[in-house]
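Heads up, the thing below is written out as structure tokens.
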Amino acid sequence: MAKTKKRKERLKASLGHFDHDAFLQKLSKRIKTVRKQKGFNSYELFSYDIEISRTGMAKYESGNYDDIRMRTLLKIIDGLGMTPKEFFSEGFDQ
């Protein structure tokens with residue numbers, strides 16, 4: 001008798017677990033709120049200090065963007081004097 005191999009079913013990823021656009025809006029609000037709380041009154045000067053474009057920073061704070069590079073987000077968080085864990089500890093609950 002020949003042995004038949006039993007195939008494992010492949011785990012398949014799926015989308016739709018949360019609203020991506022809503023998350024980006026929360027991210028924008030958090031960036032702007034924390035920047036102001038930390039005493040950085042001007043997004044232009046803040047963006048200059050952390051070496052990202054003023055235009056980009058304006059988009060990230062207004063929510064008028066489709067994507068943000070991880071390195072850029074890390075620069076913003078670092079410029080705010082925070083760790084990613086601290087930054088995401090508020091404002092992102094379901």
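The values are calculated or read from the model by the stated rules, or taken from the named source; none is laboratory data. Since the model is a prediction, treat every value here as computed from it, not as a measurement. Every residue, glycine as well, gets a Cβ built from its backbone with ideal geometry; the counts of neighbours run over all protein chains shown.
Scanning the stretch 55-94 for residues that are among the aromatic types (Phe, Trp, Tyr) and within 13 Å of Tyr43 (Cβ to Cβ) yields a single hit, Tyr60. A single member of Tyr48, Tyr65 is free of Cβ contacts under 8 Å to residues at least 40 places away in the same chain and of a type in the set (Phe, Trp, Tyr), and it is Tyr48. Within the stretch 71-94, residues that are more than 17 Å from Lys32 (Cβ to Cβ) have Cβ atoms under 8 Å from residues that are part of a loop (DSSP other than H, G, I, E, B) and at pLDDT below 95 in these pairs: Gln94/Phe18, counting only partners at least 6 apart in sequence or on another chain.
Could you go through the stretch 75-85 and let me know if any residue there is out of contact with any Ser or Thr (no Cβ under 8 Å at 6 or more places or on another chain) and under 15 Å from Gln25 (Cα atoms). So far as the stretch 75-85 goes, no, none of its residues is out of contact with any Ser or Thr (no Cβ under 8 Å at 6 or more places or on another chain) and under 15 Å from Gln25 (Cα atoms).
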